[in-house]
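The values are calculated or read from the model by the stated rules, or taken from the named source; none is laboratory data. Since the model is a prediction, treat every value here as computed from it, not as a measurement. Reconstructed Cβ throughout: ideal geometry from the backbone, glycine too, with neighbour counts over all protein chains shown.
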Amino acid sequence: MSLVKLTASALAISAMTVTAASARDQVQVAGSSTVLPYASIVAEAFGENFDFPTPVVESGGSSAGLKRFCEGLGENTIDIANASRAIKDTEVAACAEAGVTDIVEVRIGYDGIVFASDINGNSFEFTQEDWYKALAAEIVVDGEVVANPNTTWDQVNPAFPAQPIMAFIPGTKHGTREVFDEKVILVGCEDSGDFEKFVEVKGDEDAAEDACMSIRTDGLSVDIDGDYTETLARIDSNKDGLGVFGLAFYENNTDKLQVATMAGVVPTTESIAEGTYPVSRPLYFYIKAAHIGVIPGLQEFADFFVSDDMAGPDGPLAEYGLVSDPALVETQDAVASATVMMK
Amino acid sequence: MSDLSSSQNGAPKNSLLKVDARTKKRNASEARFKAYGIGAIALGLCFLVTLLVSILGNGVPAFKQTFITIPVELTESKLDKSGTRDLEVMKKVTTFGYKPLVENALVAALEKEGIENPFAKAKDLAKLLSSSAPAQVRDVVLDNPNLVGQTVEFRLLAGSRVDGYFKGRVTRDALARDKNLDAAHLDIADAMVAAGMMDTTFNADFVLGADASESRPEQAGIGVSMVGSLFMMIVVLCLSLPIGVAASIYLEEFAPQNKWTDLIEVNISNLAAVPSIVYGILGLAVFIQFAHLPQSAPLVGGLVLTLMTLPTIIISTRASLKAVPPSIRDAALGIGASKMQSVFHHVLPLAMPGILTGTIIGLAQALGETAPLLLIGMVGFIASNMPDGIASGFLDPNSAMPAQIYEWAKRADPAYYERAWGGIIILLGFLMTMNIIAVILRRRFERRW
């Protein structure tokens, strides 16, 4: 008898839930793990100061977030995608195909990408060229394109110690990787003069760029698909390792990591704001315009995110490591009027 | 009778008293095998001890927290300009309005105690405090507007690095390179402890509280995700126990033996071995994208874990039904009971302890599962609101204990690392309790024939 009762109540519960799956009343955010700390700080303050429930913020990487963002419209899709790079044309097209046609792009500020190693290891002063020569799959030696022969840093640049090359770089699903490829590896390729040789050998500039940016796969460079904590753990267990981190993550872990300079500049929020530190990138979030007004609190959350209180130069986001956007006022206007991206 | 062994040459060739080479070899191999076994157990114990020591060593500090007790003047001109104590008006003052109030209160408190304060700006000194302090004060004021105008004593959280200093995690050397706190802050902290304004005590909020953002690990607690886990377990129990038991009774007692039931049997065993992340993908496709159930809801988490737990429960239920001797069934049928009566009146009650044990072990497995929850949106900054009712508990976004631990372990601030270990202690506590209950049930009620 009790079994029958249990089954009946279980069925009743599942029936109830299908009908109860009605309007969602909190904002759903997903995407870049670099933006996640900022988004969670804003979400927490939003929940404290407004009558709306605290938004839900998930991570997973920029590409994964934008993919979920482009799944379509409706309550069981996310409202905001965080990204540590700008949305791509292919993603805009994929969005449009699923009915997500009106997207509001919001730039929240800038973030530096830093190169750090174990606190007790050697110090480095890198240039982009060093990283290119250490990590590219193929480089030009004596006028010939050959598979990268470098295995220690002193082979890359005689000024460095004879430490084996071991780099932990973000996996391809992270927006950080794209910035690393373009602002470090590609720039290094051009600086070294190898770019011209690649153009000569591969035929055109696009193919040469691809050749520059292909990373060696012989185990000296490791793609990290997880978060920066995983990179940190790898460096902890392999003291020769060099890792790619976000500036905010490094600043929270200065007891374990030492940062390398890039092109002679120490990464700080100031040097990134001035533009002297070369490896920085804007951080974005994307809003579905069709969800504004349907999901309660979405407009307010976006306004609050870019308000001077939060994203301004003295706000909690800047305190955590975000480089405040000098053009914040324009962003605030764009968010307030929900200005849709041009296609 | 002639003595066979001594019949030749007088002395026995093979004596049981004299160990010959072959026996020696056999005895040696037995001794070796025993030594391997003891070695294996010792190695296992060694791992267990290392694990427990590291869990306790890293996690126990998470249960303690540093607090700063200071009087805060709740200035009327700042908090309620209209003077009407109207809540709607007072809500307009955000935590940013409360921030200078708290910062100045800290400066004033240090001055009163005669503690030297080298910081020119109140903002720099306030790095001692958690950034949750303004919100804490604001909540108290909004709950009790009549406090405005008075000076009230508050017990505020200290910042995570100050807390880390008292737990030995943060050293003065490390702070030299840290922009979040200076060594001068630590001098003030030491003086405040001496003056009785700062203390490190047990922190119930770690067990009962909600998740916090990356900038304030000192505020984070596992309470809300514990509730999330509870609601998921309710769903799992209410669905997988009746479905699992009904399926097993049918398969074991009523179903004909043919290739169809064989096929089902094989597939149930296969399902038990399917990696749990596969159930997560299935849950995303079926429950969220097709059935349009809300994302990040414990209900969906529970449904996914039900799928995962069902094979375990079915297999253990069938095993305990099989263990009931056929004579019980024959006796029941022999005195005229129907097949159904024999099952429900005689077989099932005898199999119940085994079924319950299997269920509890299945639940314990589901409680510790993280992978499927990744895909249905239960990992992230989610568990920040306590659900305000039964329906909200099932449907509002929440996390689960293992998912919360995973999320904490990913975060940048080292204070979250400590909290992840603390969470593991709590989760292990639950799992051990459940397994002990299962063992007790088995010991007390199991019958052997």
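Suppose we keep only residues that are facing chain A (nearest Cβ under 10 Å) and assigned to a loop (DSSP other than H, G, I, E, B) within segment B:389-400. Which one would you say is nearest to the chain's Cα centre (by Cα)? Result: B:Ser399.
Only a single criterion out of (1) buried (at least 19 other Cβ atoms within 10 Å of the Cβ); (2) within 20 Å of B:Lys64 (Cβ to Cβ); (3) under 17 Å from the mean Cα position of the chain (by Cα); (4) hydrophobic (A, V, I, L, M, F, W, C) is not satisfied by B:Ala415, namely (3). The single residue among A:Ala83, A:Ala10, A:Ala94, A:Ala21 that is crowded, with 16+ Cβ neighbours inside 10 Å, within 10 Å of another protein chain (Cβ to nearest Cβ) and either at pLDDT 90 or above or touching a His at 6+ places or on another chain (Cβ under 7 Å) (or both) turns out to be A:Ala21. Note on segment A:238-259: among residues that are aromatic (Phe, Trp, Tyr) and either assigned to a helix (DSSP H, G or I) or free of Cβ contacts under 8 Å to residues at least 24 places away in the same chain (or both), the one that is nearest to the other protein chains (Cβ to nearest Cβ) is A:Phe249. Restricted to helices (runs of 4 or more DSSP H) entirely inside segment B:221-320, those with at least 1 residues that are within 14 Å of chain A (Cβ to nearest Cβ) are B:223-249, B:276-283. Taking segment A:134-154 as the range and being of a type in the set (S, T, N, Q) and assigned to a strand (DSSP E or B) as the test, only A:Thr152 passes.
Take A:Ser337 and decide whether it is more than 14 Å from every other protein chain (Cβ to nearest Cβ), free of Cβ contacts under 8 Å to residues at least 12 places away in the same chain and not basic (Lys, Arg). Here the answer is yes, as A:Ser337 does meet what is asked. Checked against (1) at the interface with chain A (Cβ under 10 Å from one of its Cβ atoms); (2) under 30 Å from A:Thr231 (Cα atoms); (3) part of a loop (DSSP other than H, G, I, E, B), B:Glu369 meets all criteria but (1). In this structure, does A:Phe168 turn out to be buried (at least 16 other Cβ atoms within 10 Å of the Cβ) and in a strand (DSSP E or B)? So A:Phe168 passes the test. In the set B:Lys91, B:Lys112, B:Lys123, only one residue is under 22 Å from B:Ala415 (Cβ atoms) and either surrounded by 12 or more Cβ atoms within 10 Å (Cβ to Cβ) or aromatic (Phe, Trp, Tyr) (or both); that residue is B:Lys123. Could you go through segment A:192-209 and let me know if any residue there is more than 14 Å from chain B (Cβ to nearest Cβ), closer than 30 Å to A:Ser59 by Cβ and among the hydrophobic types (A, V, I, L, M, F, W, C). Within segment A:192-209 (the criterion being more than 14 Å from chain B (Cβ to nearest Cβ), closer than 30 Å to A:Ser59 by Cβ and among the hydrophobic types (A, V, I, L, M, F, W, C)), the answer is no, since none of the residues qualifies.
Determine which member of the set A:Asp130, A:Asp154 is of a type in the set (D, E, K, R), at pLDDT 90 or above, more than 30 Å from A:Leu66 (Cβ to Cβ) and surrounded by fewer than 21 Cβ atoms within 10 Å (Cβ to Cβ). A:Asp154 is the lone residue from the list that is of a type in the set (D, E, K, R), at pLDDT 90 or above, more than 30 Å from A:Leu66 (Cβ to Cβ) and surrounded by fewer than 21 Cβ atoms within 10 Å (Cβ to Cβ). Do we find a residue being in a loop (DSSP other than H, G, I, E, B), surrounded by fewer than 17 Cβ atoms within 10 Å (Cβ to Cβ) and of a type outside the set (Gly, Ala, Ser) anywhere in segment B:64-73? No. Taken as a whole, the structure leaves B:Val207 outside the set of residues that are outside any loop (DSSP other than H, G, I, E, B), closer than 18 Å to B:Asn385 by Cβ and within 11 Å of chain A (Cβ to nearest Cβ). Within segment B:162-177, the set of residues being facing chain A (nearest Cβ under 10 Å) and either closer than 18 Å to B:Ala191 by Cβ or part of a helix (DSSP H, G or I) (or both) comprises B:Gly164, B:Val170, B:Asp173, B:Ala174, B:Leu175.
Of the candidates B:Thr75, B:Thr84, B:Thr95, B:Thr69, the single residue that is polar (S, T, N, Q) and over 19 Å from B:Val152 (Cβ atoms) is B:Thr84.
Filter segment B:191-204 for residues that are surrounded by fewer than 17 Cβ atoms within 10 Å (Cβ to Cβ) and either assigned to a helix (DSSP H, G or I) or modelled with pLDDT of 95 or more (or both) and give the result. Selection gives B:Val193, B:Ala194, B:Ala204.
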